[in-house]
1. For region 2-21: of the residues being assigned to a strand (DSSP E or B) and of a type in the set (A, V, I, L, M), which is nearest to ARG277 (Cα to Cα)?
2. Pull out all pairs, ordered by first then second residue, where Cβ-Cβ is under 6 Å, the residues are six or more apart or on different chains, the first lies in region 65-78 and is modelled with pLDDT of 95 or more, and the second is polar (S, T, N, Q) and not in a strand (DSSP E or B).
3. For region 69-90, how many residues meet the condition of being open to solvent by 40 Å² or more (accessible area, probe 1.4 Å) and either in contact with a strand residue (DSSP E or B) (Cβ under 7 Å, 6 or more places away or on another chain) or not charged (D, E, K, R) (or both)?
4. Select from region 192-214 the residues that are within 19 Å of the chain's Cα centre (by Cα) and not in a strand (DSSP E or B) and write down the one among them that is nearest to ALA232 (Cα to Cα).
5. What's the total number of residues in region 224-267 that are open to solvent by less than 10 Å² (accessible area, probe 1.4 Å), over 16 Å from SER160 (Cβ atoms) and not aliphatic (A, V, I, L, M)?
6. When you look at SER261, is it part of a loop (DSSP other than H, G, I, E, B) and farther than 22 Å from SER109 by Cα, yes or no?
Amino acid sequence: MKLKFAKMHGTGNDFIILDGIRNMISPTPTLVRYLSDRHFGVGADQLLLVERPTVNGVDFKYRIFNCDGREVEHCGNGARCFVKFVHETGLSNARAIRVQVQRGVSMLSLQDNGDVLVDMGAPGLAPTQVPFDSLGLTPVHDADDLLWPLDVHGTTQWISVVSMGNPHAVQIIDDINTAPVLIDGPFIESHAHFPSQVNAGFMQIVSRHAIKLRVYERGVGETLACGSGACAAVVTGIRRRVLDSPVLVHVHGGTLTISWSGRHDSSASVMMTGPARTVFTGEIDIPEDFLV
């Protein structure tokens, strides 16, 4: 069968987006891996499926799959692309959209300049919310944050753990260019203390309102941008009192703006603003055995 798709990106984090409202689509792990393959398929970090909501009071539902075929909880860059997709395909003309995701509801707003503002919700700061198995570990306080000792290749790295609807481990490093992201990232991703694996963030402080960030994403590898990772990094920096809101987050694929008033109220929502672009649309032949 033939499958229509849109290829989009948010600051270089790229997606295949499928319309599951007008078409009956049930992504199997095999199908997701096939479409995401950069040699034999379309190629993307993640696949996003737009569906009708299953709860009242929201406009849409979307599901997110990493390129390894695994369904995941949330994606900030994908949320921005979703807004552009439903506008460009005529599914909605509303500037403010409520969307059902795996762990709740997100509010998304299309801005006058074409950027998208995403209410990412309040961060989860307790280890059980991440989830993070802290058994046997003794944290140290750093301002309002807790730093956890993590054994990485025989050395201790001090990390902050944050849930943005998906799990993050964030550390501050001196130089983003020399950080061993491709060595330590996969080790942290699959560390035994993270039962659902984790996105590993490496943050360099530029000023109180700017950081550089690289993220080794769970099930994907290092990407050009990670929206939820940018939020987790800013939350960490504000709690450690080395950042003040708003913060410009410079990633390989561009810049995101993250705001959080959580220094005084940790239950405040994290707000992310950034671009989303359509690269191309197309149609691809799908082998029948990939659909079951």
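The values are calculated or read from the model by the stated rules, or taken from the named source; none is laboratory data. The structure presented is a predicted model; accordingly, all values stated were derived computationally and were not measured. When we count neighbours, we look across all protein chains shown, and the Cβ atoms used for this are built from the backbone with ideal geometry, even at glycine. These area figures cover heavy atoms from the full protein model, side chains too; ligands, DNA and RNA do not enter into them. Shrake-Rupley method; radii C 1.70, N 1.55, O 1.52, S 1.80 Å.
1. Initial filter on region 2-21 (assigned to a strand (DSSP E or B)): 2-10, 13-19.
So of that shortlist, the ones also of a type in the set (A, V, I, L, M) come out as 3, 6, 8, 16-18.
Numbers: LEU3: 21, ALA6: 10, MET8: 6, ILE16: 12, ILE17: 12, LEU18: 15 Å.
Of everything passing the filter in region 2-21, MET8 is nearest to ARG277 (Cα to Cα).
2. So the pair list comes out as CYS67/SER36.
3. Filtering region 69-90 down to residues open to solvent by 40 Å² or more (accessible area, probe 1.4 Å) leaves 70-71, 87-90.
Pick out the ones that are also either in contact with a strand residue (DSSP E or B) (Cβ under 7 Å, 6 or more places away or on another chain) or not charged (D, E, K, R) (or both) and you get 71, 87-90.
Qualifying residue count for the region: 5.
4. Applying the filter and picking the extreme gives VAL198.
5. The number of residues fulfilling the criteria is 1.
6. Judged against the criteria, SER261 is not a match.
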